[in-house]
1. Every residue in the stretch 123-142 that is in contact with a Phe, Trp or Tyr (Cβ under 7 Å, 6 or more places away or on another chain) and among the polar types (S, T, N, Q), please.
2. Starting from the stretch 347-359, keep only residues that are in a loop (DSSP other than H, G, I, E, B), then list their pairs with residues that are exposed (fewer than 15 other Cβ atoms within 10 Å of the Cβ) and of a type in the set (D, E, K, R) whose Cβ atoms are within a distance under 6 Å, requiring at least 6 positions of separation or different chains.
3. Please tell me if Gly393 is farther than 20 Å from Lys270 by Cα, in contact with a Lys or Arg (Cβ under 7 Å, 6 or more places away or on another chain) and at pLDDT below 95.
4. Just to be sure before I move on: is Gly100 modelled with pLDDT of 95 or more, under 30 Å from the mean Cα position of the chain (by Cα) and not acidic (Asp, Glu) in the structure I sent?
5. What number of residues in the stretch 195-246 are at pLDDT below 95, in contact with a Lys or Arg (Cβ under 8 Å, 6 or more places away or on another chain) and part of a helix (DSSP H, G or I)?
6. Report, ordered by the first and then the second residue, all pairs with beta carbons closer than 8 Å, sequence separation of six or more or different chains, a first member in the stretch 100-126 that is at positive phi, and a second member that is among the acidic types (Asp, Glu) and surrounded by 17 or more Cβ atoms within 10 Å (Cβ to Cβ).
7. Of the conditions (1) in contact with a helix residue (DSSP H, G or I) (Cβ under 9 Å, 6 or more places away or on another chain); (2) in contact (Cβ under 8 Å) with a residue 60 or more places away in the chain, Glu245 fails just one. Which one is it?
Amino acid sequence: MAEVAEKKVVVKQPSLRFPDFNGKIRIDNLGKYIDVISGYPFKGEDISEINNGIPLLRGINITEGFIRHNADIDRYYNKSINGLEKYLLETGDVVLGMDGSKVGKNVSIIQSKDAGSLLVQRIARIRPKANCDIKFVYQQIYSTKFHRYVDKVNTSSGIPHISLKQIKEFKIAFPEIKEQQKIASFLSAIDIRIDLLEQKKAKLEEYKKGIMQKIFSQEIRFKDEDGKEYPVWNKKKLRDILTYEQPTKYLVESTEYDNGFETPVLTAGKTFILGYTDETEGIFTKLPVIIFDDFTTAFKYVDFPFKAKSSAMKMLIPNSNEVNIKFVFEAMGRIKFPLAEHKRYWISEFQHMKIPYPCIEEQSKIATFLTSIDRKIALVQKQIDGSNQFKKGLLQQMFV
């Protein structure tokens, strides 16, 4: 009887490695290197909003790269955990959301503050075996390669989902353990830099929020060149400050986007920049301007040429030289919409709303001051984007 040939393990080398390592790298299923389970299906009546039991780690707690907590989402289990010990999380465990719109992307490493939490169903807990560094595995899972894999294996027409079996079948290039640790340590250092930049950006945004509160409550006032206060603020309706236009030539549905093109295509919604086009007609250049969407009450300040997505977009434009559009934009951000009503605000109705309105000289000083903060925030965001791009490039070269 002929012997069955042993199945060969694929061997491939990355294009970038640390100089101290030159051993062969095995490409294997992740399941050979990890222990993975999914969480326990706690009954609704056993879950409490009151912090008098064991914290539960639910899918809503896991975001891209970290665990979040607040009183609105945190839940607790206040019964005996006998028989549930295997669902207790340990420092260093990797947790991965197994379903939802961000399946495969909501992943994090458990830190000491979350150790001892109980794992809830539809979350995978990944723990390393002896031949595996968990931070190395985390970097592989928290990557576009894994995201593409999830998109490929997820064929469900309902809620996006990945199974434990599919997680185990994800193929990873495994060098020896010391090289895994070296790679993980290097990439973790980049993650720390990105996290510090994110914190810096958040502090700047919080500072701007606080200073705007003081400006618009007039706790802080700007003065003229002689040190005198400007006139008392009035209130004006938006229709007395702005006019609006709609694009006559807008991007057609069949046009393809390409990041190599120059002109951004805008929507007033959260996505904002949909892509870039090479169309040359109908580019909006009366700048700066506020683009407004009455379906979502979303608006954006724009100071660069753009192409509109459709004729539904409105462009709000100053109606005189006595209006600073940047100031108006910041003031509009303080309008309180009754979101619970899910009401659509037509442009005609929106124009009846009032904003606080100082003289043009004070408007301009406020706008200049807030713009200086915006530039600092944008600079930090550029550093974040650059660090993420640098890491992405390293991942493509260091991982097979």
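The values are calculated or read from the model by the stated rules, or taken from the named source; none is laboratory data. All of these numbers come straight from a predicted model, not from anything done at the bench. Note that we place each Cβ from the backbone using ideal geometry, even for glycine, and neighbour counts take in every protein chain shown.
1. Scanning the stretch 123-142 gives Asn131, Gln140.
2. Correct list of pairs: His352/Lys237.
3. Judged against the criteria, Gly393 is not a match.
4. Values: modelled with pLDDT of 95 or more: no; under 30 Å from the mean Cα position of the chain (by Cα): yes; not acidic (Asp, Glu): yes.
No: the conditions fail for Gly100.
5. 1
6. Once the first residue is at positive phi and sits in the stretch 100-126, its partners that are among the acidic types (Asp, Glu) and surrounded by 17 or more Cβ atoms within 10 Å (Cβ to Cβ) give Arg122/Asp99.
7. Of everything listed in (1) in contact with a helix residue (DSSP H, G or I) (Cβ under 9 Å, 6 or more places away or on another chain); (2) in contact (Cβ under 8 Å) with a residue 60 or more places away in the chain, Glu245 misses just condition (1).
Listed here are the residues, each with its yes/no results for (1) farther than 19 Å from Asp293 by Cα; (2) not β-branched (Val, Ile, Thr).
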site: Pro175; (1), (2): yes, yes
site: Ile190; (1), (2): yes, no
site: Tyr230; (1), (2): yes, yes
site: Leu266; (1), (2): no, yes
